[in-house]
Amino acid sequence: MLESGRAVELVGDNVVQTDRGPYLDYLARCEQAFRPFAPISLPDFFKGRADNVTSLQTELRTSGRQVAIYGERGVGKTSLAMLADFFARFNDETTHMVRCQVESTYDSIFEQLLLEAGLEYVPETIETEARRQGGLAAGPASITGAKSTRTRGRAIVSAQRLGPSLLLRRFAEQEGLLIIDEYDRVQDKTTHTRLAETLKHFSDAASKTKIIVVGVAETLAELVGEHQSLTRCLAEIQLDRMTGDELSEIISAGEERAGVTFQEGVRQKIIALSDGFPFYTHLLSKYSADEAGRVLLDNPEAKPVVSEPEYRKALQKAVTGGEATLRDAYRTAVITVKRKTEMYKNVLWAVAYSQSHEVQVQEIADNIGLLTGKRPRHEGLSNYLGPLTKPEKKEVLVRVRQGYYKFANPLMRAYIRLILEEHNISLGGQLLFPWMRQIKPRG
Ligand SMILES: Nc1ncnc2c1ncn2[C@@H]1O[C@H](COP(=O)(O)OP(=O)(O)OP(=O)(O)O)[C@@H](O)[C@H]1O
Ligand SMILES: [Mg+2]
């Protein structure tokens with residue numbers, strides 16, 4: 001039972017009161033520093049990425065440049081975009097962000113951004129109709145140059161079409177940022193053309209409000225489409241996976257904030273298993289630091305330390321409780337209904353075992369041999385590789401070219417390596433994984 005930080009526990013026949021306050025405070029500090037499921041919003045916890053931050057600052061401070069931030073899923077794009085106002089010293093009150101959905105369109109994206117800026121866009125004809133019916137004070141009393149009026153405390157902007165000219169009238173003279181996140185999800189083709197047109201207009205008009213487009217993509221063209229006109233006006237910031245040193249900084253920041261120490265060996269394993277993704281560093285650090293904090297329940301003065309047992313608990317928790325989409329995709333991929341076989345699992349383990357992202361079928365067969373002691377004939381593997389690229393197995397693999405496969409979701413490799421590591425621990429650590437061997441001592 002918990003009452004304002006004090007727990008009443010039954011130890012033998014005695015009722016003992018323990019002060020859970022220090023433990024709960026500790027968990028709250030861990031929560032601030034290790035955030036696997038949320039982007040970084042406090043600059044103190046944003047680590048590494050020095051070159052990207054410098055480019056972002058320079059580009060946002062260069063007249064006529066808009067910015068695109070792109071990279072693999074989960075590398076830290078939203079975190080960088082959310083802190084753009086801080087890094088480039090823009091006012092956060094004039095910084096607005098919208099997160100796109102599959103069904104988002106140009107109009108819905110910019111209507112949302114206008115709303116965030118306290119403005120409601122109403123197409124001219126509808127507004128005129130509403131005014132006639134509702135008897136609202138007639139415009140055009142312009143605050144932006146567009147026809148506008150004010151109702152229920154919110155200004156209404158109106159034009160026949162939502163487009164660059166209306167947006168520039170509203171935003172060009174005011175320093176600010178319009179951030180369009182998860183733009184890769186947008187399916188509507190005309191949205192891409194209209195956004196390209198808008199980026200160009202914002203640049204030509206040297207708008208003081210800048211647009212930042214963010215999304216998962218391998219190239220700029222994949223994110224915003226092929227538009228010749230964008231080459232000069234759109235700066236690209238490509239985010240790579242984070243380096244071991246950068247990931248180590250995340251752990252150090254958490255150590256300092258929460259008052260916990262990670263044993264060097266464990267720290268290195270967490271970094272190696274993260275595969276460059278800060279998500280896994282946060283996830284494993286959080287679970288193991290939370291676990292280490294339990295010493296505070298017995299001794300509020302204790303200094304929590306993350307060592308092997310806490311790491312193992314964290315690993316288990318990360319496998320079973322980590323990211324639901326990955327977990328579900330993995331389960332669906334390995335489970336067989338009609339004929340029981342371990343081969344789907346073996347194939348996925350073998351792909352994750354490889355040092356390469358794009359793995360050749362022969363190597364998959366070799367790796368299965370290493371992991372199970374029985375190498376299958378690689379010709380027979382297509383019976384399993386094929387289905388793993390299909391919706392029935394959640395398309396976990398992609399065939400890159402003849403004879404080569406990779407994980408569709410780059411985070412999957414790290415997820416399966418967690419499973420491999422857990423499995424290895426249960427075998428008493430018999431296997432030496434190549435990616436774990438890369439661990440180097442900190443200098
Ligand atoms: N520079 C950083 N320093 C510390 N942690 C970071 C950094 N960048 C990202 N993270 C952490 O990594 C995880 C993923 O970050 P974020 O959501 O920003 O990535 P993303 O690229 O936008 O992901 P998605 O592709 O899923 O949208 C979060 O837990 C976030 O807190
Ligand atoms: Mg994001």
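Condition check ((1) away from ligand 2 (no atom under 16 Å from the Cβ); (2) within 13 Å of ILE179 (Cβ to Cβ)) across all residues:
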site	(1), (2)
VAL53	yes, no
LEU60	yes, yes
ARG73	no, no
LEU80	no, yes
CYS100	no, yes
ASP107	yes, no
| request: Taking TYR384 as the residue in question, decide whether it is over 23 Å from the mean Cα position of the chain (by Cα), under 26 Å from GLY322 (Cβ atoms) and either in a strand (DSSP E or B) or among the hydroxyl-bearing types (Ser, Thr, Tyr) (or both). | output: yes
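If a residue must be part of a loop (DSSP other than H, G, I, E, B), away from ligand 2 (no atom under 16 Å from the Cβ) and over 17 Å from ALA318 (Cβ atoms), how many such residues does the range 21-39 contain? Even if it seems obvious, please write down each step before you answer.
Of the residues in the range 21-39, the ones part of a loop (DSSP other than H, G, I, E, B) are 34-39.
Cutting the leftovers down to away from ligand 2 (no atom under 16 Å from the Cβ) gives us 34.
Remaining after also requiring over 17 Å from ALA318 (Cβ atoms): none.
Number satisfying all stated conditions: 0.
Among ALA329, ALA314, which is modelled with pLDDT of 95 or more, over 30 Å from LEU385 (Cα atoms) and of a type outside the set (D, E, K, R)?
Details: ALA329 fails: over 30 Å from LEU385 (Cα atoms).
On inspection, the qualifying residue turns out to be ALA314.
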| request: From (1) surrounded by fewer than 17 Cβ atoms within 10 Å (Cβ to Cβ); (2) touching a residue at least 24 places away in the same chain (Cβ under 8 Å), pick out the condition that doesn't hold for GLY254. | output: (1)
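Each row is one residue, and each column tells you yes or no for (1) surrounded by fewer than 18 Cβ atoms within 10 Å (Cβ to Cβ); (2) in contact with a Ser or Thr (Cβ under 8 Å, 6 or more places away or on another chain); (3) not in a helix (DSSP H, G or I).
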| position | (1), (2), (3) |
| --- | --- |
| VAL157 | no, yes, yes |
| ARG161 | yes, no, yes |
| LEU167 | no, yes, no |
| GLN174 | yes, yes, yes |
| ILE179 | no, yes, yes |
| GLN187 | yes, no, yes |
| THR191 | no, yes, no |
| LEU195 | no, no, no |
| query | Any residue in the range 224-243 that is farther than 30 Å from THR193 by Cβ and surrounded by 16 or more Cβ atoms within 10 Å (Cβ to Cβ)? | reply | yes
| message | Could you tell me how many of the residues in the range 351-367 are of a type in the set (A, V, I, L, M, F, W, C) and without any contact (Cβ under 8 Å) to a residue 24 or more places away in the chain? | response | 1
| query | How many residues, within the range 284-342, are buried (at least 16 other Cβ atoms within 10 Å of the Cβ), of a type in the set (Val, Ile, Thr) and closer than 17 Å to ILE419 by Cβ? | reply | 2
| request: Return yes or no: is MET343 in contact (Cβ under 8 Å) with a residue 60 or more places away in the chain and not charged (D, E, K, R)? | output: no
| message | As an exercise: evaluate ARG194 against (1) within 16 Å of ligand 1 (Cβ to nearest atom); (2) farther than 21 Å from ALA84 by Cβ; (3) basic (Lys, Arg) and give the number of the one condition it does not meet. | response | (1)
| request: For ALA221, state whether it is crowded, with 18+ Cβ neighbours inside 10 Å, small (Gly, Ala, Ser) and away from ligand 2 (no atom under 16 Å from the Cβ). | output: no
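Quick one: which helices (runs of 4 or more DSSP H) lie wholly within the range 42-132 and hold at least 2 residues that are within 16 Å of ligand 1 (Cβ to nearest atom) and closer than 27 Å to ARG241 by Cα? If you could, list the steps in order and put the result at the bottom.
Details: elements: 50-60, 77-82, 84-87, 106-116.
By residue number, 50-60, 77-82, 84-87.
Mind listing whichever residues of the range 224-279 are hydrophobic (A, V, I, L, M, F, W, C) and farther than 27 Å from ILE180 by Cα? Give the derivation first.
Just the residues of the range 224-279 that are hydrophobic (A, V, I, L, M, F, W, C), to begin with: 224, 230, 233-235, 237, 239, 242, 247, 250-251, 253, 258, 260, 262, 266, 270-273, 277, 279.
Within the range 224-279, ILE251, ALA253, ALA258, VAL260, PHE262, VAL266, ILE270, ILE271, ALA272, LEU273 qualify.
The values are calculated or read from the model by the stated rules, or taken from the named source; none is laboratory data. What you are looking at is a predicted structure, and each value in this text was computed from that prediction instead of being measured. Positions of Cβ are backbone-derived with ideal geometry, glycine not excepted, and every protein chain shown enters the neighbour counts.
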